[in-house]
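Q: Take a look at the following structure, please.
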Amino acid sequence: DTNSDNATHQTTAASDATIVVDGVTVTRSQNSISDLFDGYTLDISKTTTAAFRISSSLDKTSALDVMKEFVETINSTRSKLNDLTRSGSDNLEAGPLRDNIIIKSIKNGINNLITGEIKGFGSKSNYLSELGIRTNTDGTLTVNETMFKTQIEKDSTIFDAAFNSLFSSSSPYLKIDGTGNTRPKPGVYSYVADT
């Protein structure tokens, strides 16, 4: 029991962890914070009044597993949609949703995801093919693991681009805000002064 002389034993009084993230003050009762960035835990080990930058690295094995699962989901979804929308022939019954415009739109969206550009990560667009995603002769997708690992080693932002939509500006005069009811389209925005 040191109640009578705590001041001589206590070097610093316990307090909540307080940090400012992108201009927003965040307070937590513990030094291990896992609810700021999805999938990340921030462990605070000391105090500072200076700004600091947080960096992270991608777990390559987990990333490959996620990409394989993503490709398997795309393959099974496309297969099911193709069955539901097949035209039919003398030997094969037509799919029950062969003329459904919404299903055709979903199929087009999946195809655009696979072959289209992914915007919002820097000034150039990214493509799934850069991560070793390949189309087989039967139309299914596979992951070339060697290409995937090489690309992740070189630049992991392409993996982020496959699963996140970002928007940014190269100008200090323009801030792109993704909060609110309407989110901007992914991409890089520029500031132009109209004189």
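The values are calculated or read from the model by the stated rules, or taken from the named source; none is laboratory data. Computed from a prediction, not measured in an experiment: that's the story for all the values here. Ideal geometry is used to build each Cβ from the backbone, glycine not excepted, and the neighbour counts take in all protein chains shown. We work out accessible area using only protein heavy atoms, side chains counted, and drop any ligands, DNA or RNA first. Shrake-Rupley method; radii C 1.70, N 1.55, O 1.52, S 1.80 Å.
Q: Please list, ordered by first then second residue, the pairs with beta carbon atoms under 6 Å, 6 or more apart or interchain, first in the stretch 131-155 and part of a loop (DSSP other than H, G, I, E, B), second crowded, with 16+ Cβ neighbours inside 10 Å.
A: Gly132/Val143; Gly132/Phe148; Thr140/Asn75; Asn144/Gly132
Q: Continuing with the same structure: For the stretch 1-26, how many residues meet the condition of being more than 28 Å from Asp160 (Cβ to Cβ) and modelled with pLDDT of 70 or more?
A: Narrowing the stretch 1-26 to residues more than 28 Å from Asp160 (Cβ to Cβ): 1-16, 18.
Adding the requirement that they be modelled with pLDDT of 70 or more leaves 15-16, 18.
Total meeting the criteria: 3.
Q: Quick check on this structure: which one of Thr85, Thr146, Thr41 is closer than 30 Å to Ala17 by Cβ and either out of contact with any strand residue (DSSP E or B) (no Cβ under 9 Å at 6 or more places or on another chain) or open to solvent by less than 90 Å² (accessible area, probe 1.4 Å) (or both)? Steps first, answer last, please.
A: Details: Thr85 fails: closer than 30 Å to Ala17 by Cβ; Thr146 fails: closer than 30 Å to Ala17 by Cβ.
Going through Thr85, Thr146, Thr41 in turn, just one is closer than 30 Å to Ala17 by Cβ and either out of contact with any strand residue (DSSP E or B) (no Cβ under 9 Å at 6 or more places or on another chain) or open to solvent by less than 90 Å² (accessible area, probe 1.4 Å) (or both): Thr41.
Q: Here's another thing I want to ask about it. Ser79: small (Gly, Ala, Ser) and not in a loop (DSSP other than H, G, I, E, B), yes or no?
A: Numbers: small (Gly, Ala, Ser): yes; not in a loop (DSSP other than H, G, I, E, B): yes.
For Ser79, the condition - small (Gly, Ala, Ser) and not in a loop (DSSP other than H, G, I, E, B) - is met.
Q: Looking at (1) out of contact with any strand residue (DSSP E or B) (no Cβ under 6 Å at 6 or more places or on another chain); (2) of a type outside the set (A, V, I, L, M, F, W, C); (3) at pLDDT 85 or above, which is the one condition that is false for Asp194?
A: Looking at each condition in turn, Asp194 falls short on (3).
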